[in-house]
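Worksheet: the structure to be examined is printed underneath.
Values in this text are rule-based calculations from the coordinates and carry no lab data. Here the structure is a predicted model, which is why all the values come from computation and not from measurement. Cβ coordinates were reconstructed from backbone atoms using ideal geometry, including for glycine residues, and neighbour counts include every protein chain displayed.
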Amino acid sequence: MSLQYALPGHGHVPEYQASGVPFVSSSHALGDTTSFEFRFPYVTRHVTIFNSGSGAVRVGFTENGVNSSPNANYFQVVANSASPRLELKCDKIFIRKDVDDGQLNTVAVMAGLTGVDPSRFFLVSGSNGVEGVG
């Protein structure tokens, strides 16, 4: 008899039905339009982005996504505001300033985490068949 239980993966529904484990990371300073990769310790159940800077920031799910132009594969969080609570599962996000205005933007990330290890999550990319991420 085996006592090794299967580990949850990204398709394990109960991980997304229960409340997420709280996770907050603040004070990520963005000084120019270089993208910043933010990795979560576990796959998310929901994410909220807070922008306390003077300009908009781009948020996407691939580096190509936040750097894309003219087709936008990102969304913006305008100055001194927050995104809505985004009910999505991801293991990382990319953030960058929309325009290099010489000012610093401080960004905070709040998430609810599942028990799914990022190693058990699939690669989110356009080349892997995920549309609209860049």
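Brief remarks follow.
- Helical mean residue ellipticity (222 nm; -39500 (n - 2.57) per DSSP H run of 4+; nearest 500) of the chain: -1000 deg cm²/dmol
- Phi angles of segment 38-49 translate, via the Karplus equation with coefficients 6.51, -1.76, 1.60 and θ = phi - 60°, into HN-Hα couplings of 10, 9, 8, x, 9, 5, 7, 9, 8, 9, 9, 10 Hz per residue; Gly and Pro are given as x.
- Packing-based exposure ordering (other Cβ within 10 Å, fewest first) of ASP98, ASP32, ASP117: ASP32, ASP117, ASP98
- Compactness of segment 64-134 was expressed as the Cα radius of gyration divided by 2.2 N^0.38 Å, which yields 1.26.
- Rg to Rh quotient for the chain, alpha carbon positions, Kirkwood Rh: 1.02
- Within the shell of other residues whose beta carbon sits under 13 angstrom from the beta carbon of HIS12, the net charge comes to +1, with Lys and Arg scored +1 and Asp and Glu -1.
- Magnitude of the charge dipole for the chain, about its Cα centre and with charges confined to Cβ atoms of Lys, Arg (+1) and Asp, Glu (-1), is about 260 debye.
- With the charge dipole of the chain set up from +1 on Lys and Arg Cβ and -1 on Asp and Glu Cβ about the Cα centre, the Cα lying farthest toward the positive end among the listed residues ASN73, TYR42, VAL109 is that of TYR42.
- Using θ = phi - 60° and Karplus 6.51 cos²θ - 1.76 cosθ + 1.60, couplings along segment 74-81 (whole Hz; Gly, Pro as x): 8, 10, 10, 10, 6, 4, 6, 8
- Neighbour-count order for ARG39, ARG120, ARG58, fewest beta carbons within 10 angstrom listed first: ARG39, ARG120, ARG58
- Whole-Hz ³J(HN,Hα) from phi, Karplus 6.51 cos²θ - 1.76 cosθ + 1.60, for segment 56-61, glycine and proline x: 6, 10, 9, 10, x, 10
- Low-density loop positions, GluC sites (Glu not before Pro), segment 3-107 - DSSP coil, at most 13 other Cβ in 10 Å: GLU87
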